[in-house]
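The following block contains the structure, expressed as structure tokens.
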Amino acid sequence: MSYDNWEVVIGLEVHCQLQTKTKIFSGAATAYGAAPNTQADPVTLGFPGVLPVLNHDALQMAVKFGLAVDATVAERSVFARKHYFYPDLPKGYQISQYELPIVACGHLDIELADGSIKRIGITRAHMEEDAGKSVHDAYAGQSGIDLNRAGTPLLEIVSEPDIRSSAEAVSYLKKLHQLVVYLGICDGNMQEGSFRCDCNVSVRPRGQKEFGTRTETKNVNSFRYVEKAIEYEIGRQIDVIEAGGKIVQETRLFNPDTGETRSMRSKENANDYRYFPDPDLLPVVVSADDVARIRATMPELPEAKRNRFVEQYGLPKYDATVLTGEAALADYYEAVVKTSGGDAKTCANWVITDLLGALNKLGKEIGESPVSAPMLAGLVARIADKTISGKIAKDVFEAMLAGEGDADAIIKAKGLVQITDESAIIKAIEDVMAKNPGQLAEYRSGKDKLFGFFVGQAMKATQGKANPDALNRLLKKKLAP
Amino acid sequence: MHTLSIKQLGEALRARKFSSRELTQHYLKRIEAFDPQLNSYITVTADLALAAADAADARLARGEGGPLTGIPLGQKDIFCTTGVRTSCASRMLDKFVSPYDATIVKKLQAEAGMPMLGKLNMDEFAMGSSNETSWYGPVKNPWDVTRVPGGSSGGSVAAVAAGLAPVATATDTGGSIRQPAALTNLTGIKPTYGRVSRFGMIAFASSLDQAGVVARSAEDAAQVLQAMSGFDPLDSTSLDRPVDDLVAPLGRSIQGLRVGLPKEYFAEGLDAGVRACIDGAIAELKKLGATFTEVSLPNSPLSVPTYYVVAPAEASSNLARFDGVRYGHRAEGVTALEDLYSRSRAEGFGPEVQRRIMIGTYVLSHGYYDAYYLQAQKVRRLIYDDFRRVFEQVDVILGPTATDVAFKLGSKTDDPVSMYLNDIYTIAANLAGIPAMSLPCGFKDGLPVGLQLMGNFFDEAKLLNVAHQYQQVTGWHQQSPKGFE
Amino acid sequence: MSLSPEQIRQVAKLARLELNPSLTDAYAGQISNILELVGQLSAAKTEGVGPMAHPLDMTQRLRPDEVSQPDQREAFQAIAPAVQDGLYLVPKVIE
């Protein structure tokens, strides 16, 4: 379908679970996957008389995020109550921030397909509590309510309506996801709902200034679904308008099985949330000193790290981007460079090509790699000091992956030490020459291409252990007529 | 035994003149004998009380325990008590047995060693000024059982006034300690907001609710309030500052005390008989060396309207959790979720509670928030500023607690507005968060009249000192209702 | 400010209170009277006055991020109207 006459306007609201040990307002655990309601204490359950007290770490994490997106961190922010009745909301209200959020006016730069940079505004980010979960199908005519998730701290990150396509939306989300994981404030696990997205989508005729009526598609929990949900909404809205209809402002739900969105019946009634400041909580004050203290604990952010990798290690931008994709990977790489004393680019090649390739095959994260950074560094060091050749190193790496020990142990056990003793190499060369008089004659009569043949034969004679530089040099000398 | 002061009871227990078990049994017997007339207890916890009394006796025998150890008390049924029904006088919580203790329950029972006689009646969710909104029926005033004891802490005052508990806890959102204390000849104090933990106290209006005590003298009240007060990490609004000694300064002279008489509290609407009692008290305090000046709290006439926006708004929100899902009343035979909510809540809450939930819902709803809620919060600041200004000139503010003596049961139940105007003198202290108390200062037609003292933030000790000095030279607080000897 | 029975019905719906139809008019009258009382607020001069949400000029205290609440599901669900397999049961939720 062609959307040439239409402009798409997208704003995203991301709910990011903060990686605290306990709930935002009580000391119940937040671990994922516990038996139903075993992490629901009286505060979580909304029992009478119990009171909320704010989690120190949740606040620190929210401030960290604000600093990372270059936003204003409010010196004074206020928790409000948002009222609605729903079984997964135990108190009949959600504690959230409304008029005075902790973070406002930030931005995130994304890279578009053509390589240009686009700045997406972040209107605000506020702290709030997550709701529980309903289990629908197990009981006839009834739903079961599990409140373990209720009260888990969330940071809701609201973008400006600056996004103009599903591709930009995905790019923004990926960047945001990388950032919160980098900051250590969210585990980023989208299947478990740690990072989920509401998509506000509208369309307007190109050139029109006013926004069209938007719909909000709730809780889309993968990058691919976000793309699909947005694409579906764009198509649906254009179809409705082109057929003479009107878009209804509503909440919709994405069905991953069909790739479609549908109106949510439960949200049919216009809500009147009756926000007011929560009288059980006092204004949250973050002083300039607090901000400075938190700023000092900020990790290096992805962009800064990438630029440093280019500058400090002389890496191509592509390599630097891959290596800084995850903080753990970047740390791994830097450990390899430092410990091995090897060439930075060689280290990058090993990490990007060999290590990531292997992990990908194994379906493992960098943190679960069977080859640790010191192990890979050990291997690179043996290449650098010419103990083994690059080619042999590949075999050593495979052996390390298989759990056969570190590089030195494998080299020793398998007798892979490179032959640098020139007399041994010369002997191998002489044997090859003696066995192949025809080729020798052809080479000497000018068929230079046969040089490779002799290298191969000589290497084979040394089980690949001959130092390649020495072999080349000596072979040239010996073959010379 | 039931005529002894807290101090005397403590001394007698420590001297082993009688045991805590004997004392507790004495009160349990009195409850059995007299409470059918008053309906002051919702739940009597005889077995638990005796077990606690035995534990207190063991502590006392070891020479341990403090000044309150072994002295029984009644708990307003708004405080959560593990293993005992905590109803808040509502059908909604008729079957609610709390899995946890309120902080003040821990402090008074587990730490101070006071056995709990039972849970005291009150207006449903503390919403009322006459104790007629209780699901368990109205409480009667021991001074005249055809009259109300005041509310919402009606059970607390009726029990203490009739000698069915030496002392009782209470809560005050707009006057719920002071007005009933005034109507039953008791001394009741609402401390500074945040002084006593709200953890485990079922919320009515969170920014106004404050727990306190009703007792037969300022000295009794001081000792119990001392044990209840203090910082609680479980309550974000708890004051994180040391609690003054409330008992030691009771004996101080009040020579030179500067007392402010707010002209708005002596204007039209105050009964002449009540006024005469207040004037008598002023004369007594002058003899003790206090000086009086007229002051003005110009915004005080707006305190009732302000309160009836702020309190219902917070209440409508606080009571949203009662939905029949995790605890509390659940309507039977419901098959749709919306019906579960609306029927459980309609059945579980009485009319006054529903009225206030509706007012609160309305004033917070879209389009009305600014005109009602936000405006009320601004006027609240004006009321607060009035007090700040006056406390630059005076040490305490004195006035009536209620416009009149106890009224007849049923006389105001159909007219919420006239009921609400009962709290005209007490509400401002809650809006400002300052400490305030009521103490007996005479009788009109045989019914008690209360005198109100309001102090600056954290000045509980000063209020109790003034009250105690007054009680050293007057005998009003020693009068007891007839028929409960 | 007076409320019509229709407005009372809307407010009751928002507050999830089933209204007894025979009481709607009485509620409308009583609540209208109360709103008339609180209507006095509109006359107050509050330009430039900051709203006061709380009597205390204090700021929010923070709790260390440490687990302090063990699992007590059994005790908490002993007072629940309807539970099965550790879940609270409600009439089917339609999304």
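The values are calculated or read from the model by the stated rules, or taken from the named source; none is laboratory data. It should be emphasised that the depicted structure is a prediction, and the values quoted were computed from it without experimental measurement. Cβ atoms come from the backbone with ideal geometry, glycine included; neighbour counts cover every protein chain shown. Just so you know, the surface numbers come from the protein's heavy atoms only, side chains and all, with ligands and any DNA or RNA stripped out. Shrake-Rupley method; radii C 1.70, N 1.55, O 1.52, S 1.80 Å.
Taking square-rooted eigenvalues a ≥ b ≥ c of the alpha carbon gyration tensor, is region B:374-485 rounded, prolate or oblate, where a/c under 1.5 means rounded and, failing that, a/b exceeding b/c means prolate? Don't jump to the answer; show the numbers that get you there.
Working: a/c = 3.02, a/b = 1.19, b/c = 2.53.
Oblate shape, in that a/c is at least 1.5 and b/c is the bigger or equal ratio.
Using r as the Cβ-Cβ distance of A:ASP421 and A:ALA304, and R0 as 51 Å, what FRET efficiency do you calculate, to the nearest 0.05? Mind dumping the intermediate values first?
Details: r = 48 Å, r/R0 = 0.95.
Working from the Cβ atoms, E equals 0.60.
Residues of region C:68-84 losing 30 Å² or more of accessible surface, assembly versus chain alone, probe 1.4 Å, please list them.
Buried by the other chains: C:GLN69, C:ASP71, C:ARG73, C:PHE76, C:ILE79, C:PRO81.
Also, I was wondering about something else. Among the listed pairs A:LYS361/A:LYS465; B:LYS7/B:LYS287; B:LYS190/B:LYS286; A:LYS435/A:LYS478, which are separated by more than 22 Å between their Cα atoms?
Working: A:LYS361/A:LYS465 28 Å; B:LYS7/B:LYS287 27 Å; B:LYS190/B:LYS286 25 Å; A:LYS435/A:LYS478 14 Å.
From A:LYS361/A:LYS465; B:LYS7/B:LYS287; B:LYS190/B:LYS286; A:LYS435/A:LYS478, over 22 Å: A:LYS361/A:LYS465; B:LYS7/B:LYS287; B:LYS190/B:LYS286.
So, one more: Using the Cα gyration tensor of region A:6-293, with a ≥ b ≥ c the square roots of its eigenvalues, what is the shape: rounded (a/c below 1.5), prolate (a/b larger than b/c) or oblate (neither)? Spell out each step's value before the answer.
Numbers: a/c = 1.73, a/b = 1.24, b/c = 1.39.
Oblate shape, in that a/c is at least 1.5 and b/c is the bigger or equal ratio.
Tell me, in nm to one decimal, what length is gained between A:ARG473 and A:PHE453 on full extension, where the rule is 0.36 nm per residue of separation less the Cα-Cα distance?
Numbers: separation 20, 0.36 × 20 = 7.20 nm, distance 1.48 nm.
Length difference between fully extended and current span is 5.7 nm.
Output the relative contact order of chain B, whole-number percent, from Cα pairs under 8 angstrom with separation of 6+ residues.
Numbers: 1184 pairs, mean separation 86.9, N = 485.
Normalised by residue count, the contact order of chain B is 18 percent.
Given the options A:GLN208, A:ALA169, A:MET190, identify the residue whose Cα lies farthest towards the positive end of the charge dipole of region A:153-271 (+1 on Cβ of Lys, Arg; -1 on Cβ of Asp, Glu).
A:GLN208
Enter the accessible area per residue of chain B (Å², integer; probe 1.4 Å; all protein chains in place). Show your work: numbers first, answer last.
On the way: 14280 Å² over 485 residues.
In whole numbers, chain B has 29 Å² accessible per residue.
Taking amide H positions as placed in the peptide plane 1.01 Å from N, state which residues far from B:SER90 in sequence (5 or more) or on other chains have amide H under 5 Å from it.
Correct list: B:PHE125, B:TRP135.
Next up: I need the phi-derived Karplus couplings for region C:82-93: 6.51 cos²θ - 1.76 cosθ + 1.60, θ = phi - 60°, integer Hz, Gly and Pro marked x.
Using θ = phi - 60°, the values come out as 8, 9, 8, 6, x, 9, 7, 9, 9, x, 3, 8 Hz.
With a 1.4 Å probe and every protein chain left in place, work out the accessible area per residue of region A:38-196 in Å², rounded to a whole number.
On the way: 4800 Å² over 159 residues.
Per-residue accessible area for region A:38-196 comes out at 30 Å².
Next up: Within 10 Å, count the other beta carbons around each residue, average over each peptide in B:444-451, A:148-155, and list them highest first. Present the calculation step by step, with values, prior to reporting the outcome.
Values: B:444-451: 21.2, A:148-155: 26.2.
The densest-packed peptide leads the list: A:148-155, B:444-451.
Just want the answer: with Cβ charges of +1 for Lys and Arg and -1 for Asp and Glu, which residue in B:ALA58, B:LEU120, B:SER98 is farthest toward the dipole's positive end in region B:6-253?
B:ALA58
Compute and list, largest first, the equivalent-ellipsoid semi-axes of region A:118-261 from the alpha carbon gyration tensor, each √(5λ) rounded to a whole angstrom. Before the final figure, lay out the partial values.
Numbers: eigenvalues 153, 97, 35 Å².
Equivalent ellipsoid of region A:118-261: 28, 22, 13 Å, largest first.
While we're here: So how much accessible surface do C and B hide from each other in total, probe 1.4 Å, in square angstrom to the nearest 100?
Details: alone 9580 and 17790 Å², together 22270 Å².
Summing both chains' loss of accessible area gives about 5100 Å².
Taking only Cα atoms, what is the 0 to 90° angle, nearest 10, from helix C:21-38's long axis to the longest principal axis of chain C?
Once rounded, one gets 70 degrees.
Can you bin region B:231-386 into rounded, prolate or oblate? Criterion: square roots of the alpha carbon gyration tensor eigenvalues sorted a ≥ b ≥ c, rounded for a/c under 1.5, prolate for a/b above b/c, oblate for the rest.
Details: a/c = 2.48, a/b = 1.97, b/c = 1.26.
Verdict is prolate for region B:231-386.
Compute the convex hull volume of the Cα atoms of region B:205-253, divide it by the residue count, and report the result per residue in Å³ as a whole number.
In region B:205-253, the Cα convex hull volume per residue is 103 Å³.
How many nm is it between the label spots at B:LEU374 and A:ALA480, if each spot is 7 Å from the Cα in line with the beta carbon?
Inter-label distance under the simple model: 9.3 nm.
Give, as ranges by residue number, the residues of region B:321-344 whose backbone N falls under 20 Å from the point 7 Å along Cα→Cβ of C:THR24.
B:338-344
Among A:293-303, B:385-395, B:121-131, C:79-89, how do they line up from the highest to the lowest mean number of other beta-carbon atoms within 10 Å? Don't skip to the end; give the middle numbers.
Values: A:293-303: 13.9, B:385-395: 17.0, B:121-131: 30.9, C:79-89: 18.9.
Those peptides, ordered most packed to least, come out B:121-131, C:79-89, B:385-395, A:293-303.
Express the accessible area of region A:302-414 per residue in Å², computed with a 1.4 Å probe while the remaining protein chains stay in the model. Kindly include the intermediate steps, with their values, before the conclusion.
Working: 5470 Å² over 113 residues.
Averaged over the residues of region A:302-414, the accessible area is 48 Å².
Ignoring ligands, DNA and RNA, please state the percent of accessible area on region A:157-234 from carbon and sulfur, probe 1.4 Å. Walk me through the numbers on the way to the answer.
Numbers: 1410 of 3040 Å².
Taking all protein chains in place, region A:157-234 shows 46 percent carbon and sulfur surface.
Another one. So for chain A, averaging the separation of alpha carbon pairs under 8 Å that are six or more residues apart and normalising by length, what relative contact order in percent results?
Values: 833 pairs, mean separation 64.8, N = 481.
13 percent.
Shifting gears a bit: With 40 Å as the cut-off, how large is the P(r) tail for the protein assembly as shown, expressed as percent of Cα-Cα pairs? It would help to have the intermediate numbers written out before the result.
Numbers: 302431 of 562330 pairs.
Roughly 54 percent, rounded to a whole number.
For A:CYS16, tell me the accessible area in Å² from a 1.4 Å probe, rounded to the nearest 10.
Near enough 0 Å² of accessible area.
Continuing with the same structure: Under the definition of partner shielding as Cβ atoms of other protein chains within 10 Å of a residue Cβ, what is the mean value for peptide A:382-391? Before the final figure, lay out the partial values.
Numbers: counts 0, 0, 0, 0, 0, 0, 0, 0, 0, 0.
The mean count of partner-chain Cβ atoms within 10 Å per residue comes to 0.
Let me ask another. So what's Rg/Rh here for region A:422-479, counting alpha carbon atoms and using the Kirkwood radius for Rh? Walk me through the numbers on the way to the answer.
Numbers: Rg = 10.3 Å, Rh = 11.1 Å.
Reported Rg/Rh, Kirkwood definition of Rh: 0.93.
I would also like to ask the following. Taking all protein chains as present, what is the carbon and sulfur share of the accessible area of chain B, in % to the nearest whole number, probe 1.4 Å? Walk me through the numbers before you get to the answer.
Values: 7280 of 14280 Å².
Ligands and nucleic acids excluded, carbon and sulfur give 51 percent.
If all Cα-Cα distances of chain A are sorted into 10 Å bins from 0 onward, what percent lands in each bin, rounded to whole numbers?
4, 15, 21, 20, 15, 10, 8, 6, 3, 0, 0
What is the Cα convex hull volume of region B:6-253 when expressed per residue in Å³? Present the calculation step by step, with values, prior to reporting the outcome.
On the way: hull volume 29.3 nm³, N = 248.
Enclosed volume per residue, from the Cα hull, is 118 Å³.
With a 1.4 Å probe and every protein chain kept in, tell me what percent of the accessible surface of region A:286-394 is carbon plus sulfur. Walk me through the intermediate numbers first.
Details: 2930 of 5380 Å².
That fraction is 54 percent.
Follow-up question, since we're still on this one. Enumerate the calculated ³J(HN,Hα) couplings along region A:249-263 in order (Karplus 6.51 cos²θ - 1.76 cosθ + 1.60, θ = phi - 60°), each rounded to whole Hz, writing x wherever the residue is Gly or Pro.
6, 7, 9, 10, 10, 8, 9, x, 6, 9, x, 10, 10, 9, 5
Could you report the buried accessible area between A and C, both sides summed, computed with a 1.4 Å probe and given in Å² to the nearest 100? Show your work: numbers first, answer last.
Details: alone 24170 and 9580 Å², together 29860 Å².
Buried area (both sides, nearest 100 Å²): 3900 Å².
Further question on the same structure: Divide the volume of the convex hull of the Cα atoms of chain B by its number of residues and quote the answer in cubic angstrom per residue.
Numbers: hull volume 65.4 nm³, N = 485.
Spread over its residues, the Cα hull of chain B gives 135 Å³ apiece.
May I ask you to compute the full-extension gain from A:VAL240 to A:HIS107, defined as 0.36 nm times their residue separation minus their alpha-carbon distance, rounded to one decimal in nm?
44.6 nm
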